[in-house]
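Beneath this line is the structure, given in structure tokens, with notes to follow.
All of the numbers you see were taken from the coordinates with simple rules; none came from a lab. Fair warning: this is a prediction, and the values are worked out from it, not measured in the lab. We place every Cβ from the backbone using ideal geometry, glycine too, and count neighbours over all the protein chains shown.
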Amino acid sequence: MIAHLSGTLLSKQATSAIVDVGGVGYEVAIPLSTFYELGENGSPVQLRVYTHVSQDAIRLYGFKTVRERELFLQLISVNGVGPGLAIKLLSGMNADEMIASIRTNNLVRLVAIPGVGRKTAERLVVDLRDKIAALSSPALEEEFAAKAAAGGAPSSPDSMRDDAISALANLGYQKAAAEKAVKTAIDEGGELSVEVVLRRSLRSLAKA
């Protein structure tokens, strides 16, 4: 089983990345939290990997940190939560928010993520409330926008808007809601990138 990849980032999207390792390109599904941390195409990259084997395919899921991968493994241990939904959960909020939501029984925050119904949220709380205590950190992770504008050439406004809407749609949000959230995010102004727009949009959608 593949547990770690170290190579060159060939390309990245909000939900996946392709890593060149010795001339072989591995496509890896990633949460938005990992996407935010990736460098530009051509830069070195290291990912912790979970290999999921099913009857029809072998899929790789990649994470920037061991902690994030461990949280992913805890999530998929819950009945009804597969790798795809676990990725959506880790895209809808960062690790600290996820852990806090589960440990404080914040069902409203959990069901705000597409694909998470009340029963699934309740199972997450019941099954993981005590198990994930070891993954808690003493302080919140860095603010969403801390590294948002670092590096890379800026995207055109139209391209940035379309990429953000596409990413939210891939995560299960309705197109109309995604478009509204992205417009609100862009209207906030400041130095914009796809990462910044996605962070702002997810915050807006979580409050809806």
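At a threshold of 8 angstrom on Cα-Cα distance, excluding pairs fewer than six apart, so keeping six or more, what relative contact order does the range 157-207 reach in percent? Write out the running numbers ahead of the final one.
Details: 38 pairs, mean separation 20.4, N = 51.
Rounded, it is 40 percent for the range 157-207.
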Taking R0 as 30 Å and r as the Cβ-Cβ distance between Arg123 and Ser6, the FRET efficiency 1/(1 + (r/R0)^6), rounded to the nearest 0.05, comes to 0.30
Phi-based couplings in Hz for the range 24-36 (Karplus 6.51, -1.76, 1.60; Gly and Pro marked x) | 10, x, 9, 8, 10, 6, 9, x, 4, 4, 6, 4, 4
Considering lysine pairs in the chain that are 8 or more places apart or on different chains, how many have Cα atoms under 18 Å apart?
-> 12
Can you work out the base-10 log of I(q)/I(0) for the range 157-207 at q = 0.16, 0.25 1/Å, using the Debye formula on its C-alpha atoms alone?
-> -0.34, -0.86
Restricting attention to the alpha-carbon atoms of the chain, what are Rg (one decimal) and Dmax (integer), both in Å?
-> 16.7, 47
Considering the Cα trace of the range 66-135, what is its radius of gyration and what is Dmax, both in angstroms?
-> 10.3, 28
Using the Karplus curve 6.51 cos²θ - 1.76 cosθ + 1.60 with θ = phi - 60°, work out ³J(HN,Hα) for each residue of the range 78-85 in order, rounded to whole Hz, and write x for Gly and Pro.
-> 7, 4, x, 10, x, x, x, 5
